[in-house]
Amino acid sequence: MRRYTTLAIESNGSILDVTIDRPERRNAFDGRMVTELTEAFEELAQEPSLRGVVLASAGSVFCAGADIQWMRSTSPISDAQARDDAHRLTRMFRTIDESPCPVIARVQGPAFGGGLGLMAVCDIVVAAEDATFSLSEARLGLIPAVIAPFLLRKAGESFLRRYCLTGETFCTSVAHRFGLVHDVVPQSDLDDRITELIEAIMRLAPRATRESKALLHRILPLPDGDRWTACAEANAGARCASEASEGLRAFVEKRLPSWAKPHEPKPDQEALKS
């Protein structure tokens, strides 16, 4: 992948680490970062060998939402510019959401506004137990409109009505209760838990994993009758595919299937220095 100015991207075998790298601005979105996140996820979607993505951020804050300096860079802003920015943000979130392989969010610290949107479009969210969150838009006279569809799907109407109408800061246990966060761990255990999840993904059949994610996206807007049909067709297609043949044969022969290769985590940089 090409080099970016607001992202640090590192390939770790068939796992890609995408790190938001604006710690001096609390990893908040500006126009360049929106463009680069969109382009990065569009590019990785074209990599058929990719098995998973870890979305992380540098420094102590996961993402503070939209950068105030960017939001105020044109004042007063025109309707056309405001609409263009909103559509670009929507495209960024949708591109991450529609990534064909699993995306794991590593949330080490505060996530406000659009930072919650990033969490909502990731498949798996692991958060440090002392992380904090807020739908803080209304404090600034804004509304969480672009991220609302993703949060409504992930955490539900009750969550949105409770927290976007107060702007209160809430803790990881609340985010976990509403399904916005899946795993809560001590800060020191974040990377170990991410490694465990990657190892779990690496035991899955690559095509079946991608097809499972695509199926979930495909059936979400369908009425029940169409869902049954789509799922039956997907089941039949998977059963007739070569991965199923190999997976079932490996199970009978009591061996690992051909795709189940151990994941080698990145070396501990501090350990290398010692």
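The values are calculated or read from the model by the stated rules, or taken from the named source; none is laboratory data. This one's a predicted model, so the numbers in the text were calculated from it and none came from an experiment. We place every Cβ from the backbone using ideal geometry, glycine too, and count neighbours over all the protein chains shown.
Out of all the residues in segment 60-72, which are touching a residue at least 40 places away in the same chain (Cβ under 8 Å) and either within 19 Å of the chain's Cα centre (by Cα) or not in a helix (DSSP H, G or I) (or both)?
60, 61, 62, 63, 64, 65, 66, 67
Across segment 105-125, what is the number of residues that are crowded, with 24+ Cβ neighbours inside 10 Å and closer than 21 Å to residue 188 by Cα?
5
Each row is one residue, and each column tells you yes or no for (1) of a type in the set (Phe, Trp, Tyr); (2) modelled with pLDDT under 95; (3) closer than 22 Å to residue 194 by Cβ.
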| residue | (1), (2), (3) |
| --- | --- |
| 87 | no, no, no |
| 93 | yes, no, yes |
| 99 | no, no, yes |
| 105 | no, no, yes |
| 116 | no, no, yes |
| 122 | no, no, yes |
| 126 | no, no, yes |
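Given the conditions (1) under 21 Å from residue 30 (Cα atoms); (2) surrounded by fewer than 16 Cβ atoms within 10 Å (Cβ to Cβ); (3) hydrophobic (A, V, I, L, M, F, W, C), which single one is not true for residue 152?
Result: residue 152 passes all but (1).
Given the criterion touching a residue at least 40 places away in the same chain (Cβ under 8 Å) and touching a Phe, Trp or Tyr at 6+ places or on another chain (Cβ under 8 Å), identify the matching residue among 118, 135, 197.
Just one listed residue meets the conditions, 118.
Could you tell me whether segment 49-66 includes any residue that is basic (Lys, Arg), closer than 30 Å to residue 205 by Cβ and not assigned by TED's automatic domain parsing to the domain that holds residue 214?
Looking for residues that are basic (Lys, Arg), closer than 30 Å to residue 205 by Cβ and not assigned by TED's automatic domain parsing to the domain that holds residue 214, one finds at least one in segment 49-66, hence yes.
Among (1) in a helix (DSSP H, G or I); (2) modelled with pLDDT under 95, which single condition is residue 229 missing?
So residue 229 meets the others, but not (2).
Please list, ordered by residue number, the strands (runs of 3 or more DSSP E) wholly in segment 125-188 having 1 or more residues that are over 25 Å from residue 54 (Cβ atoms) and in the same structural domain as residue 57 (by TED's automatic domain parsing).
Here the list reads 169-171.
Within the set of pairs 6 or more residues apart or between chains, which connect a residue that is hydrophobic (A, V, I, L, M, F, W, C) inside segment 240-255 to a residue that is in a helix (DSSP H, G or I) with Cβ atoms less than 8 Å apart?
241/207; 241/208; 244/208; 244/238
May I ask you to list the residues in segment 119-137 that are among the small types (Gly, Ala, Ser) and in contact with a His (Cβ under 9 Å, 6 or more places away or on another chain)?
Hit for segment 119-137 is 127, nothing else.
Examine segment 37-46 for a residue that is touching a Lys or Arg at 6+ places or on another chain (Cβ under 7 Å) and not in a loop (DSSP other than H, G, I, E, B), and state whether such a residue exists.
There is at least one residue in segment 37-46 that is touching a Lys or Arg at 6+ places or on another chain (Cβ under 7 Å) and not in a loop (DSSP other than H, G, I, E, B).
Among the listed residues 86, 80, 56, identify the single one that is surrounded by 12 or more Cβ atoms within 10 Å (Cβ to Cβ), among the aliphatic types (A, V, I, L, M) and not in a strand (DSSP E or B).
When all the criteria are applied, what remains is 86.
Which residue is nearest to the chain's Cα centre (by Cα), if the candidates are limited to segment 257-274 and must be farther than 14 Å from residue 206 by Cβ and either at pLDDT 95 or above or small (Gly, Ala, Ser) (or both)?
Among those that are farther than 14 Å from residue 206 by Cβ and either at pLDDT 95 or above or small (Gly, Ala, Ser) (or both), it is 271.
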